[in-house]
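Bear in mind that the values in this text are calculations on the coordinates, not laboratory data. Being a predicted model, the structure only gives us computed values, none of them experimental. Here the Cβ positions follow ideal geometry from the backbone for every residue, glycine too, while neighbour counts run over all protein chains shown.
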Amino acid sequence: LQKILILLQVTLSVVVGKTLMILFPNAMKRYILKMGEKSRMNQNPKFSYENWGPTFFSFKYLLFVLKVKWKRLEDEAYEGHPAPNTPVVTLAGEVRHLLDFMEDNRPLILNFGSCT
């Protein structure tokens, strides 16, 4: 049921977005560029709006957003319920699942950090 609701929501937003792009191309370009500022997508001078802007509200965009949103359904964690078995990538580039690292009844400790 959740997947159907997400499908309807994303499809509706893509249809509305595509319609607005056809009716008001300049306003939608400004809107998409504003979204690009938030993600810093438009800060790369070699990656202009013409490279990525027209992909918004396309069929590929629809499929990508659906895939991401459906994947996130599996990643929700609730207190008192089992942890989600989220896919992770090892340092060797191998895709595994989080609970693959469990050993017997030992607790699994996750350490998040970054190196700069």
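Structure notes:
- Amide proton proximity set for V88, modelled H, under 5 Å, gap of 5+: R96, H97, L98
- 222 nm mean residue ellipticity, helices alone, for the chain (DSSP H n ≥ 4; -39,500 (n - 2.57); rounded to 500): -15500 deg cm²/dmol
- Proximal lysines relative to K3, as straight alpha-carbon distance under 17 Å, when same-chain residues fewer than 8 apart are discounted: K67, K69, K71
- Neighbour count of at most 16 Cβ within 10 Å plus DSSP loop: longest chymotrypsin sites (Phe, Trp or Tyr not before Pro)-free window in the chain: 1-46
- For the options T55, T90, T11, a Gaussian network treatment of the chain with springs between C-alpha atoms closer than 10 Å singles out T90 as fluctuating the most.
- Residue among P82, P54, P25 with the largest mean-square fluctuation in a Gaussian network model of the chain, springs linking Cα atoms under 10 Å: P82
- Signed unit charges on C-beta, dipole axis of the chain, positive-most listed residue Y31, L12, G93: Y31
- Within a Gaussian network of the chain (alpha carbon springs, distance under 10 Å), most fluctuating of R30, R106, R40: R106
- Part-to-part distance (alpha-carbon centres) for the stretch 1-55 and the stretch 73-98, which is given in Å: 29
- Taking volume of the Cα convex hull per residue in Å³ as calculated from this structure, the corresponding entry among (i) 134; (ii) 85; (iii) 179 is (iii).
- Only lysines eight or more places from K46 in sequence, or on another chain, were considered; those with a Cα closer than 24 Å are K29, K34, K38, K60.
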